[in-house]
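**Q** My questions will all concern the structure given below.
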Amino acid sequence: MTTTEQNAARLALVKGEAITAVPHDLYIPPDALEVFLDAFEGPLDLLLYLIRKQNLDILDIPIAEITRQYMAYIELMKQVKLELAAEYLVMAAMLAEIKSRMLLPRPTEEEGDELDPRAELVRRLQEYERYHQAAESLERLPRVGREIHLVVVEGGRPAQKKIQPNVTLFELLDAFKEVLHRAELYRHHRVLREPLSVRERMVQILTRVNAEDFATFASLFDLREGRMGLVVTFMAVLELLKEALVVLVQQEPFAPIHVKAAA
């Protein structure tokens, strides 16, 4: 026998020893396993199920057939050892009583629907069916926690920190281009060569920024100095930014650029 066949024939493994056959002295209690099934909510639910299953008229119930099927279900529950409520046995006794009353001959003067032994049972079944249908309708409605989930939104708005946009080099060049465009309006034919120093212009800008706290980028340029003076001022601003002596601030995109001293 191969290893695969041995594993297939093995029922269990106890302390490393393979068990291939059921021991003869093995005792299994009769109540070792019990299964409880709540298939019906009560005897009326069972009767209603039997009536619907055979498409019977609830107003004209064949008591003999229904009683036989009901008792067969009771016996089945006893055989499989299901938990049987006392109300099922009460209904079985009630069906037996109705069946016996219908078998007995009735006086002629007592004939009529009012004295039908099934009348009380029919009334209870109709009432139970109405409540059962109402319960099913309510069960199909949306329920909080099942189909509907509530969302709690806390009031009040948290304080929002306004993040100022960063000033890029391209935006700085656009601002300088605008300054150059404005300088063209002050062009004149008088040419003066003045000694201009980037370091000196850095000191001038830094002094002004420290005194005024804020200064617009465009106000740092003197249009009367011409293109050379504007370039020297722009180079001075770039050097101050490089040495982290000043910072550029812009309230929002495309807003005027301001220069202030670094903290």
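**Q** Quick check, is Glu194 among the acidic types (Asp, Glu), part of a loop (DSSP other than H, G, I, E, B), modelled with pLDDT under 85 and within 17 Å of Asn166 (Cα to Cα)?
**A** Numbers: among the acidic types (Asp, Glu): yes; part of a loop (DSSP other than H, G, I, E, B): yes; modelled with pLDDT under 85: yes; within 17 Å of Asn166 (Cα to Cα): no.
Spelling it out, it is not the case that Glu194 is among the acidic types (Asp, Glu), part of a loop (DSSP other than H, G, I, E, B), modelled with pLDDT under 85 and within 17 Å of Asn166 (Cα to Cα).
**Q** Further question on the same structure: With the requirement that a residue be crowded, with 17+ Cβ neighbours inside 10 Å and either over 24 Å from Lys162 (Cα atoms) or among the aromatic types (Phe, Trp, Tyr) (or both), what does region 239-263 give you?
**A** Passing the criteria: only Leu240.
**Q** May I ask you to list the residues in region 209-223 that are without any contact (Cβ under 8 Å) to a residue 24 or more places away in the chain and over 60 Å from the mean Cα position of the chain (by Cα)? Break it down stepwise before answering.
**A** So the first thing to find is which residues in region 209-223 are without any contact (Cβ under 8 Å) to a residue 24 or more places away in the chain, and the list is 211-212, 219, 222.
If the condition is that a residue be without any contact (Cβ under 8 Å) to a residue 24 or more places away in the chain and over 60 Å from the mean Cα position of the chain (by Cα), then Asp222 is the only one that fits.
Listed here are the residues, each with its yes/no results for (1) under 54 Å from the mean Cα position of the chain (by Cα); (2) part of a helix (DSSP H, G or I); (3) surrounded by fewer than 17 Cβ atoms within 10 Å (Cβ to Cβ); (4) of a type outside the set (Lys, Arg).
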position	(1), (2), (3), (4)
Lys177	no, yes, yes, no
His181	no, yes, yes, yes
Tyr186	no, no, yes, yes
Thr207	no, yes, yes, yes
Val237	no, yes, no, yes
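**Q** Counting only residues that are of a type in the set (Lys, Arg) and within 30 Å of Ile63 (Cβ to Cβ), which one in region 110-163 is modelled with the highest pLDDT?
**A** Taking region 110-163 as the starting set, the residues that turn out to be of a type in the set (Lys, Arg) are 118, 123-124, 130, 140, 143, 146, 157, 161-162.
Next, only the ones that are within 30 Å of Ile63 (Cβ to Cβ) stay: 118, 123-124, 130.
Details: Arg118: 78, Arg123: 83, Arg124: 83, Arg130: 86.
The residue in question is Arg130.
**Q** Within region 210-234, which residues are loosely packed, with under 15 Cβ neighbours inside 10 Å, of a type outside the set (Gly, Ala, Ser) and over 18 Å from Pro165 (Cβ atoms)?
**A** Correct list: Asn210, Glu212, Asp213, Asp222, Arg224, Arg227, Met228.
The values are calculated or read from the model by the stated rules, or taken from the named source; none is laboratory data. In this text, all values refer to a predicted model and were calculated from it rather than measured experimentally. Virtual Cβ from ideal backbone geometry, glycine too; neighbours counted across all protein chains shown.
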